[in-house]
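Heads up: the structure comes next, in structure tokens.
The values are calculated or read from the model by the stated rules, or taken from the named source; none is laboratory data. The model shown is predicted, which means the values in this text are computed figures rather than measured ones. So basically every Cβ, Gly included, is an ideal-geometry build from the backbone, and we count neighbours across all protein chains shown.
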Amino acid sequence: MQISIRGNILHILPQRALLWKSKKTLIISDLHLGKISHFRKNGIGIPSSARFNNLIQLEKLILSHHPKKVWFLGDLFHSTYNLEWDEFGKFVSAFENVDFTLVEGNHDILKPHHYARYNIKTTPEIRTDELLFTHEPDDSGSDHYNIYGHIHPGVRLTGKGRQSMKLPCFYFGQNHGILPAFSDLSGKYILKPKLGDRIFITTNDEVINVTAE
């Protein structure tokens, strides 16, 4: 499914990512690598093999869409340095023709040399002619359309039998858009969309437009 933002066509992927085909760029947010090791260290019983799930998903996206660039909109790594960072470094190194850039988020606290070791560029923001990519909402008063992550947006769907479920979503308002967390282990902030906002939920298999008419 695709959406036009200020004349730019962005493809919404079921795997909670954006593809900017004309720029050959894959955009994801809130990968939170290192979170599983962090949880296990603090006694939370999550299988260690689960830490590979999101990298497998990312690998499939890169191999399917062949981007020249991958932009992480913050919170790439959840914790201080641990084994998962070097696993990610090996993953990045396998894609020699892909340029990886991190827009720094509040969880990105690794020292600069860790990023430099694997040729991962870091920056506070990425700005194009019409779009501004950040981790948290931009409060500078810019006229650019701001696309960011951070809040892990989701919507609650309810059935006739009062059953309900929360699903991650892409949210596009008049002046800003929010990406869902790429991480499987992230909570969801339930949004209350306003009239005119565009909402797309993802199920890993499909993208569904649930924009209110």
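Of the residues making up the range 180-205, those that are without any contact (Cβ under 8 Å) to a residue 24 or more places away in the chain and crowded, with 18+ Cβ neighbours inside 10 Å number 0.
Each row is one residue, and each column tells you yes or no for (1) small (Gly, Ala, Ser); (2) within 28 Å of Met1 (Cα to Cα).
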site	(1), (2)
Val92	no, yes
Glu96	no, no
Thr101	no, yes
Gly105	yes, yes
Asp108	no, no
Pro124	no, no
Ser140	yes, no
Gly149	yes, yes
Phe170	no, yes
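Checking each residue in the range 14-67 for being at pLDDT 90 or above, part of a loop (DSSP other than H, G, I, E, B) and out of contact with any strand residue (DSSP E or B) (no Cβ under 8 Å at 6 or more places or on another chain) picks out Asp30, His66.
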